[in-house]
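Below is one structure, written out as structure tokens, with a few remarks after it.
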């Protein structure tokens, strides 16, 4: 994916920047941060300092939320880091088109058909569940202009 | 025939030893199976003898010895006495007359030792006596190599007897091992000792340097002697577990004391013994190989105690003799790094075992002793300083710590130092040497530290790293408060003013590199002065005990006051001037010395303020900032508003300046809260400093005698306002949590005034509630704001604050706080649903419930508890719903679910604790029937489907899960019994898994679980229930695990209890199981022995699940396992 024209699907964040600044020391494990220009989830965070009487530095290890690649960075704790806006939304899967696009319905009934079936294991699982007639929820992850189905969840009678 | 076997074995050995490229895998396997078959040979003694005689292949010879060893263990009971003797004699002759590779020889020696031990059980050690006589002859009369062989035989013999609990020689039960050891130590151990001393006397006469074979012989002799002196002398009074601990000691540093019975008197009181041992040590101390065991012997001799030492006269003579030789050594040589730890150990042991006797010595000897100890301590202290700078071995550092440990007793038992000039002089020398080693030149001798990147997360701050050292130095400082306190404030004042001057100079210009490192040197100095001062003025806090001002300090302050040296007025004036940063007070010299140290720290804080306001914050040291907060914390906790009635005497100056309702106390509170405020504002980015600041705040307010003077102050209000006004998302993790915990703790002091308490908490909670409501009423529902970062950080901050409030809840405040928190908790399932994709929030919500359950639930009424259960279950259920059947590509997903589940399990565990620990004071009128364990199990049923076996491999999750199971099991076995079928299946599956997949702590839990369940099933006769069927397979599982050595021997007694309970439930199954095990044995003799063993196992044991038969079964089982492991080869 990647060649999708965002402009059709702008929501409330039009014009807003893809990231916002946050002081390094206020970041948290499991939160998000931009590392080497990529939106990442922080999986490890530790502090160190230069010399005994020096100031704190934060060592961050993050995993690219789209590609799963690992990135690291070290930064003085007083500096600001960019934090990506990350939106994760659940959609009901209504159909899969012949050319591999998903028909997704949001909570408020809006339909979209611009996302492809994800590649790899997840895509196989999704198709299998769909073919088995299961009720499927897709989690769509969106950040920094990229958008992708990151998880699927089959609904059981218990759920909403 | 035998030649053919030998040839076959030799060629197989060649294949096994061949490099991988020469032989095929198949060949190797065939060769291995030849040896495996060989190991199963019955009565292999003749063939093994042939091998030893004829084969030159060391591998085959080694195998032969090994096969013999196992056969002897297995077949001992069937061997003829004459065969045993001739075999033992043959092997003894063999090692003397044949040159064999060391590993073959060692194994043969072990076989001899095992045989000797085995026969000594029947013949009271007669055979052993014969052997020792032969060995002694060998050592005295033969050439050097034979002498060493003789020593090796003795060493092997001792090793065989030394351990009873973890003995390699299976086939004997522990009791028999124990008896054998007792017999050996009562007879031949002394003989070995005496013989060794005799040989060492000869060594003492010879000149250095020794020839090579002499060095080897002396090494062996010292090793034997060290073994005798560190021998775990068993006493029948000790339980088996403790004996096991004693026997597990291999390092002489931590060896148990040399505790001997009266019968040793003639050996250890030999007047030549100690001079000889010191003489030997002196001779060998330059030899790495020999000095260690020789010194270890001296250390052990310094710990001589037990019944042999009951009589005063010989004991004093022994001590005299020891000290004389010891002084002679240490005053004539310079102690080297390598030997320093041993020397310190000697001092430590002397003080532990002889302190009362030392007090009875003449003044002259006592003074010499103190003087030598002081000299050694200072020497080690200097060495330690050098080691720290060079990051080398820590010999001197360890030795110094050891000396300090000894001094701790000396100062307490010889004291008070004030009446003994020599003692106080020594204390002063050590204290000053320590301070000197911590300061930079010219006053001190600290060398620049290697500049390494330091991680903060580990506990490697100086106050943790040097905690014991600093505590001991604090003790020295208090013993000589009259000189230590002035030394400290003078140093602190001079460093602070240098620091201030430096900053005034460098203001408005850039810093040169030299100046920057100069600042670091100053920071390091001040850091250490504060650490030492903090330890001199205050004891370390252990848990929640009430902190007291040390009596020596009070005494010192009183003395200064009564001499007219210090006055309350001058002290108070100093504090007032420091608060306003005014010039030095006129009467400053009359300020109380304790107050003066505090004044100096206020001055230091002023320098920090000055630097911040001049825009030079980046030059301050966060490390020093933390140390300042650490000092303020200690000072306030101990000295602020002291309770007079706790003390037998109290200083009027301390009371006048810091007592309840004094102007000084208010001033200090104001000052410290302002400092906290300033740190929270300026140093959020320094996590360590922030944490130290929060700790300081929480410690002070957690004491209600102090918080009552804080709770309604403007300063506290300002602190609350600061927390409310910080930009959302700027505070690091745990920041708000800590501050709000403090606010919550502080409110507890108003327990006598409910209205004031309510209004206090309204003041704290009001703004949080408003912000929370604002988030809840967001237009379009919570979910619409999920991507709005500002909302997210506001929610994170709020949750942190709520968690803090819960953590600070105490008995008087819990109900009120819950009233505030309940509506919030009630909304959490909606938050969980809306933000289920944001793990930071998901985890904070779970944590909030966990903390509320941990800190508040035990105080809550049944009604409130029910409200909490409902909100918690709704939230957990929502969590489960959001994560059930979820399939994701995210690589961190497993890690995140692990963290989530740990939190959920913690929550459920905290909830269930309500059933064991309930402090709710209200009556039980309310009709609430829900118990906490119902809630926990219900919650568990939601998340069990999410817990995959992969996730259980995370140790902490695993532990938490099994702990919860065992807790439910302990309190309410009937709840487990009533679980739905699939949940029960899952539970039992995980118990089965736990028996083999994880560590022994989990095995223990699983065994306990089975014991509890089986006993419950038996007592309630629950035949035909799902639980009955579910537990059934475990009988076979457990018996298989124990027979195949898969259960750790430490857990054997727990396992036996579980097996017993299971046998009670399934007696038919047990009989069938035994039958099938017997059928599996092809060898009739083995089958017969196994049948007999099974028979004895349940002999006279009633199968009724009662305590007495259970204990009898346990003892039987112990013997059963020892017996069966000896002959049953189950792989």
### Residue check, residue A:32 surrounded by 15 or more Cβ atoms within 10 Å (Cβ to Cβ), within 11 Å of chain B (Cβ to nearest Cβ) and more than 23 Å from residue B:800 (Cβ to Cβ)
no
Quiz item: Could you say whether any residue in segment B:517-539 is more than 34 Å from the chain's Cα centre (by Cα) and farther than 23 Å from residue B:604 by Cβ?
Solution: no
Residue hits (segment A:72-97; crowded, with 17+ Cβ neighbours inside 10 Å and either without any contact (Cβ under 8 Å) to a residue 24 or more places away in the chain or under 21 Å from the mean Cα position of the chain (by Cα) (or both)) are A:81, A:82, A:83, A:84, A:85, A:86, A:88, A:89, A:90, A:91, A:93
Of the listed residues (B:7, B:13), the one being assigned to a helix (DSSP H, G or I) and surrounded by 19 or more Cβ atoms within 10 Å (Cβ to Cβ) is B:13
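Yes/no per residue for (1) within 14 Å of chain A (Cβ to nearest Cβ); (2) without any contact (Cβ under 8 Å) to a residue 12 or more places away in the chain; (3) farther than 22 Å from residue B:808 by Cα:
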| site | (1), (2), (3) |
| --- | --- |
| B:630 | no, no, no |
| B:644 | no, no, yes |
| B:650 | no, no, yes |
| B:659 | no, no, yes |
| B:665 | no, no, yes |
| B:682 | yes, no, yes |
| B:708 | no, no, no |
Apart from one, (1) at the interface with another protein chain (Cβ under 10 Å from one of its Cβ atoms); (2) under 22 Å from residue B:835 (Cβ atoms); (3) touching a residue at least 12 places away in the same chain (Cβ under 8 Å) all hold for residue A:57; the odd one out is (2)
Check: Restricting attention to segment B:440-452, does a residue exist that is within 14 Å of chain A (Cβ to nearest Cβ), farther than 23 Å from residue B:635 by Cα, at pLDDT below 90 and under 28 Å from the mean Cα position of the chain (by Cα)?
Finding: yes
One residue is enough: does segment B:352-365 have a residue meeting the conditions part of a helix (DSSP H, G or I), in contact with a helix residue (DSSP H, G or I) (Cβ under 7 Å, 6 or more places away or on another chain) and within 28 Å of residue B:445 (Cα to Cα)? no
- Can you find even one residue in segment B:512-527 that is more than 14 Å from chain A (Cβ to nearest Cβ) and touching a residue at least 24 places away in the same chain (Cβ under 8 Å)? no
Among the residues that make up segment A:54-62, is at least one of them under 16 Å from the mean Cα position of the chain (by Cα) and either farther than 30 Å from residue B:517 by Cβ or in a strand (DSSP E or B) (or both)? yes
Can residue A:145 be described as facing chain B (nearest Cβ under 8 Å), modelled with pLDDT under 90 and farther than 29 Å from residue B:874 by Cβ?
no
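Can you list the helices (runs of 4 or more DSSP H) found entirely within segment B:508-625 that contain at least 1 residues being buried (at least 20 other Cβ atoms within 10 Å of the Cβ) and modelled with pLDDT under 90? Spell out the reasoning first.
On the way: elements: B:513-537, B:551-562, B:568-579, B:593-613.
Helices (runs of 4 or more DSSP H) meeting the threshold: B:568-579.
Just to be sure, is residue B:1101 in the same structural domain as residue B:1049 (by TED's automatic domain parsing), surrounded by 12 or more Cβ atoms within 10 Å (Cβ to Cβ), over 38 Å from the mean Cα position of the chain (by Cα) and under 14 Å from residue B:1035 (Cβ atoms)? Write out each step before concluding.
Values: in the same structural domain as residue B:1049 (by TED's automatic domain parsing): yes; surrounded by 12 or more Cβ atoms within 10 Å (Cβ to Cβ): yes; over 38 Å from the mean Cα position of the chain (by Cα): yes; under 14 Å from residue B:1035 (Cβ atoms): no.
Spelling it out, it is not the case that residue B:1101 is in the same structural domain as residue B:1049 (by TED's automatic domain parsing), surrounded by 12 or more Cβ atoms within 10 Å (Cβ to Cβ), over 38 Å from the mean Cα position of the chain (by Cα) and under 14 Å from residue B:1035 (Cβ atoms).
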If we keep only residues of segment B:825-846 that are facing chain A (nearest Cβ under 10 Å) and more than 19 Å from residue B:890 (Cβ to Cβ), then the residue farthest from the chain's Cα centre (by Cα) is B:833
- Task: Would you check if there is a residue in segment B:771-790 being in contact with a helix residue (DSSP H, G or I) (Cβ under 7 Å, 6 or more places away or on another chain) and in a loop (DSSP other than H, G, I, E, B)?
- Result: yes
Tell me whether segment B:1039-1050 contains one or more residues that are free of Cβ contacts under 8 Å to residues at least 40 places away in the same chain and closer than 17 Å to residue B:1014 by Cα. yes
Take the conditions closer than 20 Å to residue B:893 by Cβ, at the interface with chain B (Cβ under 7 Å from one of its Cβ atoms), touching a strand residue (DSSP E or B) at 6+ places or on another chain (Cβ under 6 Å) and modelled with pLDDT under 90 and apply them to residue A:87. Does it pass? yes
Within segment B:246-255, the residues that are surrounded by fewer than 16 Cβ atoms within 10 Å (Cβ to Cβ) and at pLDDT 65 or above are B:254
Expected single match for closer than 20 Å to residue A:152 by Cα and more than 11 Å from chain A (Cβ to nearest Cβ) among B:849, B:887, B:892, B:898 is B:898
- [ ] Return yes when residue B:960 is part of a helix (DSSP H, G or I), closer than 27 Å to residue A:61 by Cβ, within 14 Å of another protein chain (Cβ to nearest Cβ) and touching a residue at least 24 places away in the same chain (Cβ under 8 Å) and no when it is not.
- [x] no
Checked against (1) under 17 Å from the mean Cα position of the chain (by Cα); (2) more than 10 Å from every other protein chain (Cβ to nearest Cβ), residue A:100 satisfies every condition except (1)
Practice problem: For segment B:1058-1076, indicate whether the set of residues that are in the same structural domain as residue B:1114 (by TED's automatic domain parsing), touching a helix residue (DSSP H, G or I) at 6+ places or on another chain (Cβ under 9 Å), surrounded by fewer than 21 Cβ atoms within 10 Å (Cβ to Cβ) and assigned to a loop (DSSP other than H, G, I, E, B) is non-empty. | Solution: no
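The values are calculated or read from the model by the stated rules, or taken from the named source; none is laboratory data. In this text the structure is predicted, and so the values were computed from the model without any measurement. Reconstructed Cβ throughout: ideal geometry from the backbone, glycine too, with neighbour counts over all protein chains shown.
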